[in-house]
Amino acid sequence: MMVYNDYDLNVGERIELEVEDDNGVKTTYISQVYNVLDQNHIVIAGPIKKGKIVLLSVGQPLGVIYYRSDGCYRICAKITQRLKMDKDVYIYTIEAMGARERIQRRNYYRLGIVLPVQFRKMTESGDKNQFALHKAYTLDISGGGMRITVSKRIPIKERDLLQCHILLDDDVKLEVKGIVVRIAGANNDSDTNEIGVEFQDISNQVRDKLISFIFKQQLKFLQKGLK
């Protein structure tokens, strides 16, 4: 496997692109390393969002974000070439503009998708056996957290710790710990609440599986849109 030595990027690796618009609003997209040209230039797959192609411009600056066992890294880069492939799929050559930096990640790309979740509350010491197991479904999910819909009959409040099992597909179930950071819907007529959960102490292996799953789902949405 080829490695982008100075920045430790691998061909085929899933990455995130952080793009800022003219109003200073940052948007995150999922992409993939398509090729390594030299120590300063790589080729990436064009980003997609909600099954639609996102066009970027030559000269546009962006941040390339990826994960390693010791943390999360960003490379500042700019687009130097855009090439159209088959079926309106684009690839981009980007040039690194400086050394990589280690960052504390706050914003992740969120995929709107319904996935089954089982969860129970837990204590700060990790004790969970005293709490009942409940079912929920995701409204969206990212490498940093998820939004789930939960029956109002289930007693839950902000800052509660949760042990969650997320079923990504038929044979992949992820176990994550999360903290409730937001509850919405308490004042409406629905019998469910929307719960914002921020993942806690998530391993890079689990986060990589999540990001890989999100990327593959985006490709599926894109392929359906092109048919």
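With kT/(6 pi eta Rh) evaluated at 20 °C and eta = 1.002 mPa s, and Rh the Kirkwood radius from Cα pairs, segment 3-103 diffuses with a coefficient of 157 µm²/s according to Stokes-Einstein. Each Lys and Arg adds +1 at its Cβ and each Asp and Glu adds -1 at its Cβ; summed about the Cα centre, the chain shows a dipole of about 560 debye.
Once you've got the Cα coordinates, tell me which of K26/K135; K135/K157; K84/K173; K128/K209; K177/K216 are over 27 Å apart. Exceeds cut-off: K26/K135; K84/K173. Which of K216, K26, K87 ends up with the largest GNM mean-square fluctuation for the chain, with Cα atoms connected below 10 Å? Checking each option, the largest mean-square fluctuation is seen for K87. Between the labelled values [x] 17; [y] 22; [z] 26, the entry that holds percent of Cα pairs over 34 Å apart as derived from this structure is [y]. The angle separating the long axis of helix 204-226 from the principal Cα axis of greatest extent in the chain is about 70 degrees.
When the Gaussian network model of the chain links Cα atoms closer than 10 Å, the mean-square fluctuations of R207, R147, R68 top out at R68. Normalising the average separation of contacting C-alpha pairs (under 8 angstrom, six or more residues apart) by the number of residues puts the relative contact order of the chain at 16 percent. Only alpha carbons enter this Debye calculation for segment 111-221, each as an equal point scatterer, and the log10 of I(q)/I(0) it gives at q = 0.10, 0.15, 0.18 Å⁻¹ is -0.28, -0.62, -0.88. Only Cα pairs within less than 10 Å get springs; with that Gaussian network setup on the chain, which residue of D88, D170, D191 has the largest fluctuation? Of the options given, D170 has the highest mean-square fluctuation.
Every number here is computed from the coordinates shown, using simple stated rules; none is lab data. The model shown is predicted, which means the values in this text are computed figures rather than measured ones. Counting neighbours? That spans all protein chains shown, and the Cβs are built from the backbone with ideal geometry, glycine included.
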